[in-house]
1. Hey, how much of the P(r) for the chain falls beyond 24 Å, as a percent of Cα pairs?
2. For a quick check of your reading of the filter: which trypsin sites (Lys or Arg not before Pro) in segment 39-109 sit in a DSSP loop and have no more than 14 other Cβ atoms within 10 Å?
3. For the chain, what does the accessible surface come to per residue with a 1.4 Å probe? Please give it in Å².
4. How large a share of the accessible area of the chain, in percent, is made up of carbon and sulfur atoms when the probe is 1.4 Å and the other protein chains stay in place?
5. Kindly write out, for segment 44-53 in residue order, the coupling ³J(HN,Hα) from the Karplus curve 6.51 cos²θ - 1.76 cosθ + 1.60 (θ = phi - 60°), rounded to whole Hz, with x marking Gly and Pro.
Amino acid sequence: MGAGDFIQEALLTIQAIEDSFLAYSQTIPDAVRFQENLDYILRYLKEVERVDNRVLMELEKFYQRASFLIGLSALHLDEATFQAWRVYDRFHYDRVKSQLQVYGPTVVL
């Protein structure tokens, strides 16, 4: 699978979340944050031409923010949106986490 296929698959899964979420819109601040997060990552993915670690980091940031809002905020997803999220969750663990390279401080023992 090429870079275009990866980006297209990410776009489709995140777009499915947004479509379901818009149908069950809430007016609480956490819902607005979730929508802003969706808008940002969709805009970012539409501009990307190749997959590198920066793209994977943006997808990871999206995943972390969305997971926090879904799990620990006042945001409650309807069943269709939650199922769309689970599809992205599988995609993220199968395709993004396996390629992501995180660099940071290391300790040599």
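1. 26 percent
2. Filter output for segment 39-109: 50, 97.
3. Accessible area per residue: 62 Å².
4. 55 percent
5. 4, 5, 5, 8, 6, 10, 9, 8, 9, 5
The values are calculated or read from the model by the stated rules, or taken from the named source; none is laboratory data. Bear in mind the structure is a predicted one, so any value in this text is a computation, not a measurement. Neighbour counts are summed over all protein chains in view; Cβ atoms, including those assigned to glycine, are modelled from backbone coordinates with ideal geometry. Surface areas here come from the heavy atoms of the whole protein model, side chains and all, with no ligands, DNA or RNA. Shrake-Rupley method; radii C 1.70, N 1.55, O 1.52, S 1.80 Å.
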